[in-house]
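These notes concern the structure reproduced below.
The values are calculated or read from the model by the stated rules, or taken from the named source; none is laboratory data. Values in this document were obtained by computation on a predicted structure and should not be read as measured data. Here Cβ is always computed from backbone atoms with ideal geometry, including for glycine, and neighbour counts include all displayed protein chains.
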Amino acid sequence: MPINKVFSNFEEAVKDVHDGAIIMIGGFIGKVGMPTNLIHALRDQGAKNLTIISNRVGGTDADVLFEVKQVKKAIASAPVPASRTPICPFEEQYLAGAVELEIVPQGTLVERIRAGGAGLGGFYTPTGVGTAIAEGKERKIINGREYIFEMPLKADFAFIRAYKADKMGNLIYRRTERNFNPLMAKAATITIAEVDEIVDVGELDPEFIVTPLIYVDRVVRIPGRKE
């Protein structure tokens, strides 16, 4: 009998997120490919002192976590939009010194997540050499060029957004959902996917599966989407 990873609601799917957890949140900017329902369920669940890893945190659905002061640290490449009035809850918290921020260049963020999912110990990159990004990091000259060493990123939970899943957790993405979501699915202890549609095992064309079931622990259908 195939394992059924389907959860009936988002509240149950995030119930065991603990205080101090590290959470990766998929998406690019704004609402593009973000797991909105999982984020709001986490807000209602109330876990505190979280570390959020996402391409952008401010000016997105993730702001609800800052409104209720659940986050202690954000790791992001574009933490807020370039121009925003009024400022978002994340920015308010950061300017008040209530939230720590680690800025990571976007390509480096992608590669750190990939390294975490692949079980690698880190990598050397020239990105950030000569800037504040390089402070406190190991440096090495390779073929006459200076590089800095970046550590992998891993998480306790990954909240991701996909288009369609089967009951065992195989995932298909649509359009811009294929941004950080597939990489983050591989880099967390527990990966939770919110999807438009859930089908029986065997109904997905294997040629279109991007994230295989081995990386996915829980699947929840978005209310109002296809049964």
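If you check residue 97 against the conditions, is it surrounded by 14 or more Cβ atoms within 10 Å (Cβ to Cβ), assigned to a loop (DSSP other than H, G, I, E, B) and not β-branched (Val, Ile, Thr)? It is false that residue 97 is surrounded by 14 or more Cβ atoms within 10 Å (Cβ to Cβ), assigned to a loop (DSSP other than H, G, I, E, B) and not β-branched (Val, Ile, Thr).
Yes/no matrix, rows are residues, columns are (1) more than 30 Å from residue 224 (Cβ to Cβ); (2) at pLDDT below 95; (3) more than 21 Å from the chain's Cα centre (by Cα):
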| site | (1), (2), (3) |
| --- | --- |
| 112 | yes, no, no |
| 145 | yes, no, yes |
| 149 | yes, no, yes |
| 162 | no, no, no |
| 165 | no, no, no |
| 171 | no, no, no |
| 181 | no, no, no |
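Do we have any residue at all in segment 46-65 that's hydrophobic (A, V, I, L, M, F, W, C), in a loop (DSSP other than H, G, I, E, B) and modelled with pLDDT of 95 or more? Within segment 46-65, one or more residues are hydrophobic (A, V, I, L, M, F, W, C), in a loop (DSSP other than H, G, I, E, B) and modelled with pLDDT of 95 or more. For residue 224, the requirement of being assigned to a loop (DSSP other than H, G, I, E, B), out of contact with any strand residue (DSSP E or B) (no Cβ under 9 Å at 6 or more places or on another chain), over 19 Å from residue 77 (Cα atoms) and of a type in the set (Gly, Ala, Ser) is met. Quick check on this structure: which one of 119, 169 is crowded, with 21+ Cβ neighbours inside 10 Å and within 22 Å of residue 217 (Cα to Cα)? Being crowded, with 21+ Cβ neighbours inside 10 Å and within 22 Å of residue 217 (Cα to Cα) holds for just one of 119, 169, which is 169. Would you mind stating whether residue 132 is farther than 17 Å from residue 26 by Cα and aliphatic (A, V, I, L, M)? It is true that residue 132 is farther than 17 Å from residue 26 by Cα and aliphatic (A, V, I, L, M). A search for C-beta distances below 8 Å between a residue of segment 144-167 that is touching a residue at least 24 places away in the same chain (Cβ under 8 Å) and any residue that is acidic (Asp, Glu) and crowded, with 24+ Cβ neighbours inside 10 Å, counting only pairs 6+ apart in sequence or on different chains, returns 159/194; 160/194; 161/177; 161/194; 162/177; 162/194; 163/177. Count of segment 173-213 residues, restricted to those that are part of a strand (DSSP E or B) and not acidic (Asp, Glu), is 10. For segment 1-45, taking the residues that are touching an Asp or Glu at 6+ places or on another chain (Cβ under 7 Å) and part of a loop (DSSP other than H, G, I, E, B), the one that is nearest to residue 157 (Cα to Cα) is identified as 21.
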